[in-house]
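Trainee: This structure is in C-alpha cells; I'll ask about it shortly.
The values are calculated or read from the model by the stated rules, or taken from the named source; none is laboratory data. Since this is a predicted model, take the numbers as computed values, not measurements. Cβ placement follows ideal geometry from the backbone for every residue including glycine, while neighbour counts extend to all protein chains displayed. With ligands, DNA and RNA removed, areas are computed over all heavy atoms of the protein, side chains included. Shrake-Rupley method; radii C 1.70, N 1.55, O 1.52, S 1.80 Å.
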Amino acid sequence: MLIVRNRCASLLFALNIRSIVIAFVELAERFSFYGSSVVFTNFIQRGLPPGSTTGAGGATNQAGALDQGQRASTGLNTFYQFWCYVIPLLGAYLADTRWGRYKTICIAVFIALIGHILLIISAIPGVIEHRNGALACFVVALIVMGFGTGLFKANISPLVAEQYRRTRLFVITLKNGERVIVDPVLTLSRVYMYFYLFVNVGALIGQISMAYSEKYVGFWLSYTLPTVVFLFCPLILWVGRNRYIHSPPTGSVLATALKLFGIAAQGRWSLNPVKTFKALTADDFWENAKPSKLGDKKPEWMTFDDNWVDEVRRGLKACAVFCWYPVYWLTYNQLNNNLTSQAATMSTHGLPNDVLSNLDPFALVIFIPICDLFIYPALRRARINFSALKKIAWGYYTGTAAMIWAAVLQHYLYKTNPCGYAASTCVDAEGNQLVSPINVWTQTGSYVLIALSEIFASITGLEYAFTKAPVNMRSLVMSAFLFTSAIASALGEAFVALSSDPLLVWNYGTMAVLAAVAGTIFWFAVRKLDAKEDELNSLAASKFNPEETKSHFV
C-alpha cells in the first residue's frame, strides 16, 4: 500500500538550473559588494599608517586612509546603507512598469561597475595620499555604486524565485514507490534559504580575502579584486538571457492599486480617528471594491478579477508587517561599522580587525542547511507551527541577545584598556595603538546570534515579500521590504552620537532594548494575521490584463 506523507519539496524541486545560475550572479555581486564595503570602516576612520602609500598596515598596525574618525565612518557607512536600500523603490517601479526585471538588472550591473571603478581610483597610490581628493572620489563612488546596487536588489531575488512556477500542492511518486505531497510554499521557503546561502558564500569569500588585502597589500587591491569578480555578472546574465523565465512589465500597477484603495475606502472616513482606523482595517474593507460587486459601475481601468483584489489585500498586509523591520535593521547594522571598530580595540594577534565580521556569513553558511534539513523538519514532525511571523519575532529576540553580548563585552574592554574609556584612540608615545588584552574572538557570540536572527527575520522577510505580493507587484513589494533597511539607516544617523567612546555601552544597550520591545509589540500586533497564514497562501490565481490597464494610463 502506498504511503502519502506531507513533507517539503526536495532540493531538486526547490532549485532548478535557472535559479542556480541567477543565484551565481547574486553570489558574484555580493562578493563585490561586501568585499569592498568590509574595508570601508578602516578606509574612512583611520589615517595612513606610518610610511604607507597604499593604506596597508602590515602585521603590527591597522590599515587606514582618510583619517576621518569613527563618527564620520559610521555616518558614511550609514548613508551608504540608506542609499542602497532607498533606490530599490525606483528599481521596482522601472521593472514592474517599464523594463521588466531582467533588463533592469542588466542596467543596474552596468551602473554599479562604474561605481567600482571610481572606488579603485580613490585608493590607488598617488590619490590616496591626498585626503580630500580621495574622500571626494570615494563619496561619488558610493553614490554611483549604491544606485546600481539598489536597482539590482529590488529585482534579483524575485527573478530567482519566479523561476519556480508551481503555486498549488501536487503529488509526486518517488523511486521507492512512496507518494509525496509537495507544498510550493515550503519549496519557496527553501529557495530563499539557499538563495541566502549563495549570498553569504559570496560575502564570506569576499570579506575574508579583502580584509587581508587591505591589511597586507593596500586598499587598491581590496577594491580591484571585487571589481574583477563583478565582471562575471554581465557575462552570466548574457549567457542565460534566453533561458530565464521573464515577467513582462504591466504598466502602472501601483496607480491601479491606489485607485482600488480609493474605491474600497469610500464611505469609511470619519472625523473620529479611532472610528476611521477600525473602518479601514475591517475584514470586509476590500469587498466593495471587487469587480463582481460593482457591476455596471465598474470603471474602465478595472481590468482584473476579484482574486487580484484579494492579492492586493494580502500584499498590503505584508507591507504592514514590514513596518516593524526598521528597528530590527538598527540592530543588524551594528556589525557593519561599530563591531568592526570594537574589534580594533582588542588583541587581534595579527588578524585584520574587519575579518571578524566574516563570522556572520560563516555562521549563516553553517546554520542555513542545519535549519533547513534538521530544525524546521523536526518542528513540523512535532506539529509545531513555526510560521513566518513567528520566525520574524524570534529574529528580534536573537538580535537582542547579540546586542547584549556586545554591550557586556564593551564594558569589559573599557575596564581592561590602558586608556579606559578612550579605547579607540589609545596610542603610545610612538603612535602605536594600545589595545585591551581581551582576545578578539570573544566577539563570536554577537556575530553568531546576529546570523541566527538573519535566518529568522531577514530570509523570512524576503520569502514573505515574494509569496504575499501579486505577481505583477513582486518587485514593488520586495522594494518596500528593502526600504525598511533604508529607514533604519536614516534612524541610525540619530544614534551616531553614541558611536564613539565613552558611550558605546549605551549604544549597544539601547539597540538591545529597542529590539526586545519592538519584537514583543510586533508579535501581539500580528497574532491574528498569523492565524490566517494558510488562508493567505492558498488564494486562487488572479487575472490581470496589462494591455488594457496601460491604455488607461497613457
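Trainee: Once fully extended, how much extra length lies between residue 72 and residue 98, figured as 0.36 nm per residue of separation less the alpha-carbon to alpha-carbon distance?
Mentor: Extending this stretch completely gives an extra 5.6 nm.
Trainee: Grab every C-alpha pair in region 409-554, bin the distances at 5 angstrom width from 0 up to the longest one, and report whole percents.
Mentor: 2, 7, 9, 14, 14, 12, 10, 8, 7, 6, 4, 3, 2, 2, 0, 0
Trainee: Projected onto the charge dipole of region 336-481 (+1 at Lys/Arg Cβ, -1 at Asp/Glu Cβ, origin at the Cα centre), which of 342, 481, 445 gives the Cα projection farthest towards the positive end?
Mentor: Working it through, the farthest residue towards the positive pole turns out to be 481.
Trainee: What does the highest-first list of 341-353, 417-429, 203-215 look like by mean Cβ count within 10 Å?
Mentor: Ranking the peptides 341-353, 417-429, 203-215 by packing returns 203-215, 341-353, 417-429.
Trainee: On to the next question. Order these peptides, 356-367, 488-499, 231-242, by their mean beta-carbon neighbour count within 10 angstrom, highest first.
Mentor: Packing proxy ranking, top to bottom: 356-367, 488-499, 231-242.
Trainee: Here's another thing I want to ask about it. Taking the chain as the reference, fit the longest principal axis to its C-alpha atoms, fit the long axis of helix 459-468 to the helix C-alpha atoms, and give the angle between the two in degrees, 0 to 90, nearest 10.
Mentor: 20
Trainee: Could I ask something else about it? Multiplying the sequence separation of residue 444 and residue 497 by 0.36 nm and subtracting their Cα-Cα distance, what value in nm do you get?
Mentor: 16.5 nm
Trainee: Name the chymotrypsin sites (Phe, Trp or Tyr not before Pro) in region 298-352 that are in a loop by DSSP and that have at most 12 other C-beta atoms within 10 Å, would you?
Mentor: none
Trainee: For the chain, what is the mean residue ellipticity at 222 nm derived from helices alone (per DSSP H run of n ≥ 4: -39500 (n - 2.57); sum divided by total residues; nearest 500 deg cm²/dmol)?
Mentor: The per-residue figure over the chain is -20000 deg cm²/dmol.
Trainee: While we're looking at this one, here's another question. Could you size up the charge dipole of region 280-335 around its Cα centre, putting +1 on the beta carbon of Lys and Arg and -1 on that of Asp and Glu, and report it in debye to the nearest 20?
Mentor: Charge dipole, region 280-335, about its Cα centre: 180 debye, nearest 20.
Trainee: Give the lysines reachable from residue 390 as a straight Cα distance under 28 Å; neighbours fewer than 8 places away on the same chain don't count.
Mentor: Partners found: 153, 278, 317, 468, 528, 532.
Trainee: A follow-up question, please. Please name which of 188, 237, 51 has its Cα lying farthest along the dipole of the chain towards the positive end, using unit charges on Cβ (Lys, Arg +1; Asp, Glu -1) and the Cα centre as origin.
Mentor: 188
Trainee: Given the C-alpha centroids of region 41-84 and region 284-349, what is the distance between them in whole angstrom?
Mentor: If we compute the Cα centre of each part, the gap is 35 Å.
Trainee: Additional query: Could you order peptides 216-227, 101-112 by the average number of other Cβ atoms within 10 Å of their residues, highest first?
Mentor: Packing proxy ranking, top to bottom: 216-227, 101-112.
Trainee: Could you look at the chain and say what percent of its accessible area is carbon and sulfur, using a 1.4 Å probe and all protein chains?
Mentor: 66
Trainee: Now for a different question. Magnitude of the Cβ-charge dipole of the chain, K/R +1 and D/E -1, about the Cα centre, nearest 20 debye?
Mentor: 1640
Trainee: Assuming a ≥ b ≥ c are the square roots of the Cα gyration tensor eigenvalues, decide whether region 468-522 counts as rounded (a/c under 1.5), prolate (otherwise, with a/b larger than b/c) or oblate.
Mentor: oblate
Trainee: If amide hydrogens are placed 1.01 Å from N in the peptide plane, which non-local residues have theirs closer than 5 Å to the one on residue 65?
Mentor: Here 46, 47, 48 satisfy the definition.
Trainee: Under the 0.36 nm per residue contour assumption, what length would be gained going from the current alpha-carbon distance of residue 419 and residue 530 to full extension?
Mentor: 34.9 nm
Trainee: Sticking with this one: Determine which residues of region 296-320 fall in the zone a paramagnetic label at residue 266 would reach in this model, i.e. backbone nitrogen under 12 Å from the point 7 Å along Cα→Cβ.
Mentor: 296-300
Trainee: Simple spin-label model, 7 Å along Cα-to-Cβ: residue 17 to residue 143 in nm?
Mentor: 4.4
Trainee: How high is the FRET efficiency from residue 282 to residue 541, r the C-beta distance, R0 30 Å, rounded to 0.05?
Mentor: 0.70
Trainee: With a probe of 1.4 Å, find how much accessible area the chain has per residue, and write the answer as a whole number in Å².
Mentor: 42
Trainee: Would you work out the Kirkwood radius for the chain? I mean one over the mean of 1/r across all pairs of different Cα atoms, in Å.
Mentor: In the chain this quantity evaluates to 24.8 Å.
Trainee: Still on this structure, please answer the following. Would you mind checking the tilt of helix 474-493 against the longest principal axis of the Cα atoms of the chain, expressed as 0 to 90 degrees and rounded to 10?
Mentor: Helix 474-493 sits at roughly 30 degrees to that axis.
Trainee: Using alpha carbons only, how many degrees (0 to 90, rounded to 10) separate the axis of helix 101-123 from the longest principal axis of the chain?
Mentor: On a 0 to 90 degree scale, this one is about 10.
Trainee: Taking the Cα centre as origin and putting +1 on Lys and Arg beta-carbons and -1 on Asp and Glu beta-carbons, what dipole magnitude results for region 1-160, to the nearest 20 debye?
Mentor: 540
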